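To start, the structure itself, in structure tokens.
The values are calculated or read from the model by the stated rules, or taken from the named source; none is laboratory data. Please read these numbers as outputs of a predicted model, since none were measured by experiment. Using ideal geometry, Cβ is built from the backbone for each residue, glycine included, and neighbour counts are taken over all protein chains shown. Only protein heavy atoms, including side chains, enter the accessible area calculation; ligands, DNA and RNA are left aside. Shrake-Rupley method; radii C 1.70, N 1.55, O 1.52, S 1.80 Å.
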Amino acid sequence: MRTRSAENGTPLSTDPGDPREWCVLAARRLAEDRPEDALEAARRAVDHDPGAEHAAGWGYRLASLAFERLGRSAEAVAAAEEAVRLAPGSWAARLRLGAALRHVPGRWRESRAQAARAVRYAPQEPDPHVLAGDLALLRGEHRAAEGAYREALRLLDGHAGARVGLGLALLRWESPRDHHDPAWPVDPRETGRARRALESWARQTRLLLAAALVAAAVTAFGTGLTTWAEIGGGAVLAAVVAITLRQARRVRLWPYVPGMLARDVWLAASVSVTPVALAAYVAAVATLPRAVSRSAAGDLDGTWAVLAGTVLLNGVAVFVLRVLAEAWRGRPVTALAQFAAAGGDRTARRAADVTLWLVAGRAWSVLAAVAVAARITGEPRWAAVAPVVLLAPAWAYGGTRRSRSPRSPRSQRSQRSQRSPGSPHGPRGPHDSRGPRGRRLSGRAHGGDRWLVAAAVTLAAASAALGGSALLAVYGRGRADDLAWWCGAGALAAFAAVFAARSAQAWWQGSPGPWRASLIMHDGRGDRLPGDAGPPVGLSGDVRRAFTHAREVVLSCAAPGGPRALAVGAVGAIGPGGELRLIAADDAWEVAERDPRVAVFAADPAERGFWVEVRGIAVGDPEAGVLRVTPEHVTVGEFPGRHQGRARAG
């Protein structure tokens, strides 16, 4: 008789007390993005198996993933640590613990160590490489992240998380907390408060100096009271000292400030430009009387104008420089191809839209430079290169269209290999980009931002107008080419207006905007569950009996001189979850420490006469004095005879 879960009537199995069936239900709920229901099912799995050994910690791994998606990081780590305790040789448990630890402040190094173990235990699996890439990306190690993501894609071409991560690495993306090193043993909220204090000091000081200089200039040039203007301007310095002392008390983490400035270049620029503005302010106030009395001296007026411009426009200059630097950082065209290859993944769509804005920003900056050069030099022929500028955005958009074409046979084979009939998704999961929903998502991957279309139109108009001005100049149409140039300049201004309107809309609605800060890492949700949610490999009754009663057990492992076979004294015990506990000599321990991937062979002494091979991960347990081998693959074969040694899965 089949039973149904209490929540929604989903069939479980003939035995509602089977923890594996509850784990299957929890995995299915995670695939449907229902972490609350998944957590409840995982808890029932653990409750029906207090030691969690029948499922080899699977229930704890699923509970940890559900906790993580619910934002309960501490509980996610506790559940993952229990899974590792039950199955220390499980790459999935190590992967789950590493993924959970990365969300806990100050535990980045532990997370990286667990990710490295997962890669060492299962180098053939893509997800450990993706986690290693994510951890490198969080710290700004873009080359290391790119290498890890490419290795994951070599193993599974259709891995959306690896595609998104590789695109971010190509863009040289920085996390929103780019001032904070994840390896620091300090809460990022503390460094965040220190950063806000530094930014507040710089912003308040510069605004105060700008307002004071305007007031002093109006007083001196408007009323002629230059002495009073100088005195008032000097008194403002006391307010600057008060602001500095107040914000300095809020920083607290002064030993980390140099590292914060080294990691966050724009924070460093904002902080470093403030003393420059202060020095320019002092010089401008000190030269006010001379500027009034010698207004005819052009050299002095020019010097004072430079000082005043430094005080008044330093923030604008830093902002413009930042916009241009962010637009020209990384390889957005190559990154776009990666985002588009991720199919209908929502994070990839978001990243692609932002990247298209970055490409448009590059095109605009080049067109603006061309227009300015043509006007300053008085040579309109400079604008002849304007039509060529739009080839890059057109190629970028065409690349995204080409990347969304049907997947290669290799990619399709990789996708099918991850969707066995017994997986939580079934042959085709609810997030499968090949289904109707996937086609719908892919079809609107880059066409949903009408502001981006308007921006492209303004760029095309500017390119055509500037190119037309160059062509008219060649034929000697002086007034016509001047008019065409102004039309191009107007189109460039229209692009800036479109960008400002799109930014204002994003700010008002609280939605992603057309800037780098809107780029986010992949959250692991998509058309497949992460590898740390997969079921463990169990041992059948025949295999258990073979190891329990075998007269000889052989452990095969890699050694510097080649493969090596070592005799094992006995199989001390077999855990309910299938873990082999071997009593082995010291040389077996040393070899396992060098490379934990081993194979254990045993022969069934019964008349049936078959042999068993268990490939898995060997981890030493000094307290128990045994090697604990977590199975990864089981093969059963018959000795030569009537069936001529046929092998079958265990």
### Mean Cβ count within 10 Å, highest first, over the residues of peptides 16-24, 306-314
16-24, 306-314
### Task
Tally up the carbon and sulfur contribution to the accessible surface of segment 80-204 as a whole percent, 1.4 Å probe, everything protein left in place.
47
### Query
How large is the accessible surface per residue of segment 136-196, computed with a 1.4 Å probe and reported in Å² as a whole number?
36
### Message
I'd like the Karplus ³J(HN,Hα) series for segment 57-70: coefficients 6.51, -1.76, 1.60, θ = phi - 60°, whole numbers in Hz, and an x wherever there's a Gly or Pro.
### Response
x, 4, x, 5, 5, 5, 5, 4, 5, 5, 4, 4, 5, 8
### Message
Keeping every protein chain present and rolling a 1.4 Å probe, give me the accessible area per residue for segment 52-121 in Å².
### Response
34
### Query
Is the shape of segment 188-275 best called rounded, prolate or oblate, per the rule: a/c under 1.5 gives rounded, else a/b larger than b/c gives prolate, else oblate, with a ≥ b ≥ c the square roots of the Cα gyration tensor eigenvalues?
prolate
### Query
Ranked highest first by the average count of other Cβ atoms within 10 Å around their residues, in what order do 612-619, 280-287 fall?
612-619, 280-287
### Message
Less than 18 Å from a label point 7 Å out along the Cα-to-Cβ axis of ALA624: which backbone N atoms in segment 80-124 qualify, by residue?
### Response
81-94
#### Entry: segment 536-599: GluC sites (Glu not before Pro) in DSSP loop, at most 13 other beta carbons within 10 Å
GLU552
### Query
Quick one: if you stick a label point 7 Å off each Cα along the C-beta vector at ARG172 and THR303, how many nm between them?
3.8
### Summary
Taking a crude spin-label model, label points 7 Å out from Cα along the C-beta direction, the VAL241 to VAL457 distance in nm is 5.9
### Query
What's the extension gain from GLU590 to ALA211 if we count 0.36 nm per residue and subtract their Cα-Cα distance?
129.3 nm
### Message
Please list, ordered by chain and number, the residues whose modelled amide H lies under 5 Å from the amide H of VAL626; skip anything fewer than 5 residues away on the same chain.
### Response
ASP621
### Message
So for each of 143-152, 92-101, 167-176 I average, over its residues, the number of other beta carbons within 10 Å; can you give me the resulting order with the highest mean first?
### Response
92-101, 167-176, 143-152
### Query
If R0 is 35 Å, what FRET efficiency do you get for ARG85 and ILE520 from their C-beta distance, rounded to 0.05?
0.60
### Task
For an R0 of 22 angstrom, estimate the FRET efficiency from the Cβ-Cβ distance between LEU70 and ALA113 and round to the nearest 0.05.
0.30
### Query
What FRET efficiency comes out for the pair ARG450/ALA558, r = Cβ-Cβ distance, R0 = 56 Å, nearest 0.05?
0.45
### Query
Fully extended, how many nm does the chain gain between TRP254 and HIS549 (0.36 nm per residue separation, minus their Cα-Cα distance)?
99.7 nm
